[in-house]
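The values are calculated or read from the model by the stated rules, or taken from the named source; none is laboratory data. If you're wondering where the values come from, they're calculated on a predicted model, not measured in any experiment. Backbone-built Cβ (ideal geometry, glycine too); neighbour counts: all protein chains shown. To get the accessible areas, we keep the full protein, side chains included, count just its heavy atoms, and leave off ligands, DNA and RNA. Shrake-Rupley method; radii C 1.70, N 1.55, O 1.52, S 1.80 Å.
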Amino acid sequence: MADEKTKRSVDPATLYTLDLAEKAGVETVWDRLAAQKTQCKFGKQGICCRNCFMGPCRVNPGGKGAQVGICGISADAIVARNLLKDVCVGTAAHSDHGREIVKALALAATGKSDVYKIRSPEKLRALAEEYGIERDGRSNEEIAGDLAQLFLAEFGKQDGQLLNVSRAPEEQQKNWAAAEAIPRGIDREVVTSMHLTHIGVDNDPEHLIMASVRTSLADGYGGSMIGTDVSDVLFGKPHPLRSRVNLGVLKADQINILVHGHEPTLSDVIVAAATDPELLAEAEAKGAKGINLAGICCTANEILMRHGVPVAGNFLQQELALMTGAVDVMLIDVQCVFPALTEMQKSVHTKVVSTSPKAKFPGALHIEFHEDDAMKTAKEIIRVAIDNFGNRDPDKVDIPDIQENLVAGFTTEVVSDILGGKYRPSYRPLNDGIATGRIRGVAGVVGCNNPKFKHDEAHVLMVKELIRNDVLVLQTGCSAIACGKAGLLAPEAALKYAGEGIQEICRAVGLPPVLHLGSCVDNTRILTACAELVKEGGIGDSFDKLPAVGAAPEWMSAKAIAIGMYFVGSGISVVIGQSLPVEGSEYIVDLLTSTFDKHFGATWTFEPDPIKAAHAMIDHIDKKRADLGLPGPMYDVPYAPKTGGATPTAQASRGNGAATVSVGSCPGATRIED
Ligand code: SF4
Ligand code: MSK
């Protein structure tokens, strides 16, 4: 078992707590994955359909059995329709999150909320200027009221185009118009796309895929982008700050509250409530030395970025955090929360507290959160933790003494401030660094963990290989947490892991080589940062020309599909670990991994080996550099020896800017013989 266990994660704190789970006979996500035995290949390849109840149908193109569904739909259309549904789910999740933040902005605009206030008037006024909202002689609240109404209308808009479409370069807007992929309204795109998937509506595979691009753009330039901007207005613009990450941030002598999920509307208020003197006195009266707040997944990233609250772990650590026996309350809201937590709490003293009216978890204590009563709810939850502290068995508390320093809090604006200096913020130094080849290019490495991959390994190996080759890495989500735990988000990492070019830049401006940009919705910061690179000029006048690329090596959620699709639709190629569930259709595989280049100037690549994936990304960057007539990298680095996979496909073309992104090991439409 010891060997089996070490195959599960590269993170020592995870292995330590997995051991605790095993000794306690407690089941984890890895055990449940093993219990699934062989997973359904039809599902994996996207060729099963439950869209009507003549079915379910499964088809096996080119193999034995049905070639079309009972209704006669082709395998290509089934695959495309299923992918569109995934994009709808991902877009809906991000956008509903964005909607809640806008509603909190509307509340702040009334001036009556004791917790929601305009914490970044500067960003509020910059957004008002961008959208043509009158500012002169008006209070922040008046402006915020108009902005909230403007954004709420973006959700319900029926026609025209989303306002933020104009943040993209002209070339991208032209591509979207040609593909009929300009998003009209956020809710509209999700509803219309779901309509397309009903039996007997759209069964043109390419048309369905273009609908998935349009819907994903409603996420990237709609729900998510609005969520990020308004979070900055309401909770404050992040600034670089130091904090810590991994399970060692839990404290044996304090009340530990873990926030887990995504929406900052409650977690940000919990941060304020946890310093309330009355609550601290109550905690002390129970024998605790304080109230220790930490987080899991993206809500952790939100309060890390703005308050420096430490992060206890990423997606696959949510159960293991409970195994420390030191978590008094795990507060959950929406997205990426294991239903298994409520079963696991039975073997420890932790109370799982659900808070969202949208997400109830049988077995959890439900304390429903509403924005107009936020502080009261936050204090009530903290009191649950204080009361529960007495139920902790000190003999069962076992916190791994493992944590790492990190710097987080980077945004599109912060990068400009740091590089250009306080009095002349600018992307010029970054553009110049890229143009000269000191920085080879930029990569966004984001996304989840997935127990099908050794926990954190792909993130860490990929990012190390990228920075070693002088690629500046931008991160969000659980990927940022993985690399934080591996020490890659600390400025010292530049000297240890980065190539000479990145080292020079990091030394000059004090940046880490890997920049933490926030939560899943904050992937839009990568889009706006790319827009700044384009505006600054000299390294490509549209997204598809930039030496930039994205990756999600351990992705697992539908949100990751929506994010990947809006990046590829925007002209930024994306490499992902496991393939999309499309391999049942050669046509769709080809469309996404090849033909998309003609429509959007970017493609998907499926490559499970993180080093091969990193090399494909570097080769892609080099090709973009060559297309722009930029010199090769200033400091050429030999590729690392391969790890656990095939020889890097593009080794021969290193450094000459001539390689192309390959489809890696994507086997195309493998046949199922049953
Ligand atoms: Fe089968 Fe067609 Fe119904 Fe899907 S929509 S379940 S393929 S009959
Ligand atoms: S939390 S979507 S596991 S990144 Fe945003 Fe992490 Fe993926 Fe959830």
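Of the helices (runs of 4 or more DSSP H) contained entirely in the range 427-520, those carrying at least 1 residues that are touching a Phe, Trp or Tyr at 6+ places or on another chain (Cβ under 7 Å) and within 30 Å of residue 338 (Cβ to Cβ) fall at 457-468, 477-485. From 272, 340, which residue is out of contact with any strand residue (DSSP E or B) (no Cβ under 6 Å at 6 or more places or on another chain), within 30 Å of residue 412 (Cα to Cα) and of a type in the set (Gly, Ala, Ser)? None of the other options fit; the residue is 272. Taken together, the criteria place residue 89 among residues that are open to solvent by 60 Å² or more (accessible area, probe 1.4 Å) and within 16 Å of ligand 2 (Cβ to nearest atom). Restricting the first member to the range 192-206 and to residues that are within 17 Å of residue 180 (Cα to Cα) and more than 16 Å from ligand 2 (Cβ to nearest atom), and the second to residues that are among the acidic types (Asp, Glu) and modelled with pLDDT of 95 or more, the beta-carbon pairs closer than 8 Å and six or more apart or on different chains are 196/202; 205/76.
A count restricted to the range 488-525 and to residues that are farther than 18 Å from residue 438 by Cα, of a type in the set (Val, Ile, Thr) and touching a Pro at 6+ places or on another chain (Cβ under 7 Å) stands at 0. With the condition kept exactly as written, say whether any residue in the range 216-225 is in contact with a Phe, Trp or Tyr (Cβ under 8 Å, 6 or more places away or on another chain), within 26 Å of residue 49 (Cβ to Cβ) and open to solvent by 10 Å² or more (accessible area, probe 1.4 Å). No, that holds for no residue.
Residues in the range 401-436 that are in contact with a Gly (Cβ under 6 Å, 6 or more places away or on another chain) and open to solvent by less than 10 Å² (accessible area, probe 1.4 Å): 406, 431.
Inside the range 34-65, residues that are open to solvent by less than 50 Å² (accessible area, probe 1.4 Å), hydrophobic (A, V, I, L, M, F, W, C) and more than 9 Å from ligand 1 (Cβ to nearest atom) make up a count of 2.
In contact with a helix residue (DSSP H, G or I) (Cβ under 6 Å, 6 or more places away or on another chain) and touching a residue at least 60 places away in the same chain (Cβ under 8 Å): does that describe residue 106? Explain how you work it out, then say what you get.
On the way: in contact with a helix residue (DSSP H, G or I) (Cβ under 6 Å, 6 or more places away or on another chain): yes; touching a residue at least 60 places away in the same chain (Cβ under 8 Å): no.
No; evaluated as a whole, the condition is false for this residue.
Restricting the search to strands (runs of 3 or more DSSP E) fully inside the range 235-345 and requiring at least 1 residues that are more than 20 Å from the chain's Cα centre (by Cα) gives 241-245, 255-260, 291-296, 327-332. Checked against (1) within 28 Å of the chain's Cα centre (by Cα); (2) among the β-branched types (Val, Ile, Thr); (3) over 28 Å from residue 606 (Cβ atoms), residue 26 passes all but a single condition, namely (1). Could you grab me the full set of residues in the range 521-553 that are touching a Leu at 6+ places or on another chain (Cβ under 9 Å) and among the acidic types (Asp, Glu)? Residues satisfying the conditions are 532, 536.
Going by what's in this entry, would residue 91 be described as touching a residue at least 24 places away in the same chain (Cβ under 8 Å), under 26 Å from the mean Cα position of the chain (by Cα) and away from ligand 1 (no atom under 16 Å from the Cβ)?
Numbers: touching a residue at least 24 places away in the same chain (Cβ under 8 Å): yes; under 26 Å from the mean Cα position of the chain (by Cα): yes; away from ligand 1 (no atom under 16 Å from the Cβ): yes.
Spelling it out, residue 91 is indeed touching a residue at least 24 places away in the same chain (Cβ under 8 Å), under 26 Å from the mean Cα position of the chain (by Cα) and away from ligand 1 (no atom under 16 Å from the Cβ).
Evaluation of residue 372 against the conditions (1) within 26 Å of the chain's Cα centre (by Cα); (2) assigned to a helix (DSSP H, G or I); (3) of a type outside the set (A, V, I, L, M, F, W, C) shows that the sole unmet condition is (1).
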